[in-house]
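The values are calculated or read from the model by the stated rules, or taken from the named source; none is laboratory data. Because the structure is a prediction, the values reported are computed rather than measured. With ideal geometry, Cβ positions are generated from the backbone for all residues, glycine too; neighbour counts draw on all protein chains shown.
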Amino acid sequence: MSADRTPTPPDRRFPRAVFARGSEPDGRFSLANERTFLAWVRTALALLAGGVALEALDLPVEPHLRLAAAVLLVVLGIVAPVQAWSGWTRTERALRERRPLPAPVLSGPLAVGVAVAGLLVLIGLLVR
Amino acid sequence: MTPGAPPTAGSDSPVPPGAQPERTALAWRRTALAVAAGSLVAARVLEPWAGPPVWLLALAGLAAAVGVAWSGARRARVWALAVDDTHPDRGEPGAPTPGGAPLAVTAAVVGVLGAAALVVVLAHPSR
């Protein structure tokens with residue numbers, strides 16, 4: 001490494017709230033964080049597709065329960081990308097500052113919500 | 001790899017260092033596929049109600065999927081330089097890792113899709 005290497009350019013990565021703090025973590029942890037983000041994004045897409053399909057397909061489910069289940073799934077699908085981004089920024093900050101990683105806030109509500117939606121559809125199937 | 005030993009992320013990890021950027025690139029590709037599949041499913045399912053114009057939206061969805069895949073591939077190259085000690089183009093130690101802008105864009109687009117899905121679900125007539 002030469003003594004007169006060119007100075008590193010200023011860090012302009014977005015968002016500054018993450019990259020201005022702490023120091024570079026092991027890249028493999030950041031990559032795992034990125035994959036987690038993408039997993040939440042795919043979860044969101046699945047929830048949205050499920051909600052739309054539930055309402056748009058001619059399923060023999062009681063209409064009010066079907067609509068409630070569909071709305072629930074779509075609402076979860078709207079919150080999931082919020083979790084994706086919020087989780088990514090919080091985790092990346094924690095990695096940079098060598099702090100314990102935050103737990104995903106949406107995991108519990110997501111599990112409950114999907115179970116409730118399934119239950120609504122089941123009841124709607126039986127009641128119809 | 002020692003049987004039963006969990007993979008570690010340290011420098012003596014049995015997992016080859018080049019695998020992590022590749023796994024992340026694959027995750028981007030899976031996400032692109034999910035976007036494409038979701039667009040087609042949504043179009044197919046909504047066509048009886050909204051008619052042929054849904055296929056224009058499906059086309060937009062496929063374009064978005066291509067964008068996601070391309071963004072992921074581009075990031076993988078930057079990550080490989082930053083992380084992979086054995087990469088032939090390895091730059092100086094501390095090569096910058098990619099920032100979070102494509103992630104923010106992806107999350108925002110999915111959020112907008114979600115709002116659209118809510119409108120569709122509420123506007124769709126129930127029988």
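Within segment A:13-44, work out how many residues are at the interface with chain B (Cβ under 7 Å from one of its Cβ atoms) and within 26 Å of B:ARG77 (Cα to Cα).
From segment A:13-44, those at the interface with chain B (Cβ under 7 Å from one of its Cβ atoms) are A:13-15, A:18-19, A:24, A:26-31, A:34-35, A:37-38, A:41-42, A:44; that's our starting set.
Applying the additional criterion that residues be within 26 Å of B:ARG77 (Cα to Cα) yields A:13-15, A:18-19, A:24, A:26-31, A:34-35, A:37-38, A:41-42.
Here the count works out to 18.
Let me spell it out: the conditions are (1) modelled with pLDDT under 95; (2) surrounded by 19 or more Cβ atoms within 10 Å (Cβ to Cβ); (3) more than 21 Å from B:HIS124 (Cα to Cα), and B:TRP28 meets all of them except one. Which number is the exception? The single condition B:TRP28 does not satisfy is (1).
Of the residues making up segment A:90-103, those that are within 16 Å of A:ALA39 (Cβ to Cβ) and either at the interface with chain B (Cβ under 8 Å from one of its Cβ atoms) or in contact (Cβ under 8 Å) with a residue 40 or more places away in the chain (or both) are A:THR91, A:GLU92.
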